[in-house]
1. Could you please find all residues in the range A:1-53 being within 14 Å of another protein chain (Cβ to nearest Cβ), of a type in the set (S, T, N, Q) and out of contact with any helix residue (DSSP H, G or I) (no Cβ under 8 Å at 6 or more places or on another chain)?
2. Scanning for something closer than 19 Å to A:Ser17 by Cβ and hydroxyl-bearing (Ser, Thr, Tyr), does the range A:99-114 turn up at least one residue?
3. Report, by residue number, each residue of the range B:18-31 that is farther than 17 Å from B:Pro52 by Cα and under 19 Å from the mean Cα position of the chain (by Cα).
4. With the condition kept exactly as written, say whether any residue in the range A:80-92 is at pLDDT 95 or above, surrounded by fewer than 19 Cβ atoms within 10 Å (Cβ to Cβ) and charged (D, E, K, R).
5. Inspect all residues belonging to the range A:97-117 and state whether any of them is more than 27 Å from A:Gln155 (Cβ to Cβ) and either crowded, with 20+ Cβ neighbours inside 10 Å or among the basic types (Lys, Arg) (or both).
6. Which pairs have Cβ atoms under 9 Å, sit 6 or more apart or on different chains, and link a residue in the range A:115-141 that is closer than 16 Å to A:Pro83 by Cα and modelled with pLDDT of 95 or more to one that is surrounded by 17 or more Cβ atoms within 10 Å (Cβ to Cβ) and among the hydroxyl-bearing types (Ser, Thr, Tyr)?
Amino acid sequence: MPRILDVGCGPTKFPGSIGLDMNPNTAADVLCNLDEGGVPFRDNAFDQVRAEHVIEHVADIIGTMEEFHRVTRAGGTIFLATPHYTDYSSFRDPTHRWHLNTYSFLYFYPGGMHGRDMWYTKVRVKEVRNYVSLLRLWRALGFEFLVNHSKMFRQFWEHYLSFVIRGKLMEFTFEVIK
Amino acid sequence: MSPAGQADVLCDWTKTLPFADSSFDQVRMIHIIEEVDDIFRMLGEAHRVAKPGGQVIIVTPHYTDHASYVSPAHRWHLSSFSFWFFSDQPKEYDYYAPAQYRERKVHVEMLRVWRALGIQFVVNRSRALRKFWEQYLSFVIRGKTVEWDLQVIK
């Protein structure tokens, strides 16, 4: 049985996981506030940490990623889902502090931004999956396929097209490097 | 907050409003909600000091307007659906937003060109048209300010 932590589990906890939330009206097994003291588990406690629609709410993304990294074993995975900053849902929730794109976690990759490691954190992860979904119209026209199957088109889209052909949901899977 | 304005009462209104429950017929929050630490708390306080059935008026920049990014004091970038939480909330979220409002009116104001072309009129015709604009068009045909007329439900 893989050990899975579902952070911000809400009313629908990931099957077989331990649920963590700050809201008692949820399926949470553990109540805590990520912004006050991090994730209340020991180092390397989990094979996977899942945080769906969480990272855009936290006060400190770097600190939170460090906590997810700490409680995940080496080789384990972190799964994040969060709105792309061009989706209106990024601006619909008045508790969204951060508006992110598909490159927002380069920060944590070895040699991440501009070919060098970033120095505000020592946490390193490897990107396993980085998928962005688009609105129905753009998907039907094949843009979602292109954006996810060509690294060059992904960059062209982020730089030139994304305010017109807007993104929706981003899903990241990272492998934890320790 | 600042003695330089025309305030009758000086206080840090982002934390609490120094008035008794149900004191006012109308609470006006014009270009402030984008600056507060905690929007839920602010709307909770406005709800508390307003009378049942009273009115809360909010005006704030749309997230596609340059004004949303001009002031470094702006913490939040909001859309015309940002307060659906308070009027249409799923049960499990009343933990975050105990204050209940009814959205009496939501109005999006646009730049002159779009207004002249009638787009502002069309976008404000219905919720469905406004949603289509928010999802597909608003980074090209950009919004300026959003105005809410909320009714306090107690």
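1. Within the range A:1-53, A:Thr12, A:Asn33 qualify.
2. No.
3. B:Met29, B:Ile30, B:His31
4. Scanning the range A:80-92 turns up no residue that is at pLDDT 95 or above, surrounded by fewer than 19 Cβ atoms within 10 Å (Cβ to Cβ) and charged (D, E, K, R).
5. no
6. Close Cβ pairs satisfying both conditions: A:Arg129/A:Thr173; A:Asn130/A:Thr102; A:Asn130/A:Thr173; A:Tyr131/A:Thr102; A:Tyr131/A:Thr173; A:Val132/A:Thr102.
Table: residues versus (1) out of contact with any Lys or Arg (no Cβ under 7 Å at 6 or more places or on another chain); (2) among the hydrophobic types (A, V, I, L, M, F, W, C); (3) over 29 Å from A:Phe41 (Cα atoms).
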{"site": "A:Thr86", "(1), (2), (3)": "no, no, yes"}
{"site": "A:Thr95", "(1), (2), (3)": "yes, no, no"}
{"site": "A:Leu106", "(1), (2), (3)": "yes, yes, no"}
{"site": "A:Arg124", "(1), (2), (3)": "yes, no, no"}
{"site": "A:Lys178", "(1), (2), (3)": "yes, no, no"}
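For every residue, the table says whether it meets (1) closer than 19 Å to A:Ile78 by Cβ; (2) touching a Ser or Thr at 6+ places or on another chain (Cβ under 6 Å).
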{"site": "A:Trp98", "(1), (2)": "yes, no"}
{"site": "A:Gly115", "(1), (2)": "no, no"}
{"site": "A:Glu127", "(1), (2)": "yes, no"}
{"site": "A:Val132", "(1), (2)": "yes, yes"}
{"site": "A:Arg139", "(1), (2)": "no, no"}
{"site": "A:Lys151", "(1), (2)": "no, no"}
{"site": "A:Gln155", "(1), (2)": "no, no"}
{"site": "A:Ile165", "(1), (2)": "no, no"}
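The values are calculated or read from the model by the stated rules, or taken from the named source; none is laboratory data. What you are looking at is a predicted structure, and each value in this text was computed from that prediction instead of being measured. Quick reminder, even Gly has a Cβ in these numbers, built from the backbone with ideal geometry, and neighbours come from all protein chains shown.
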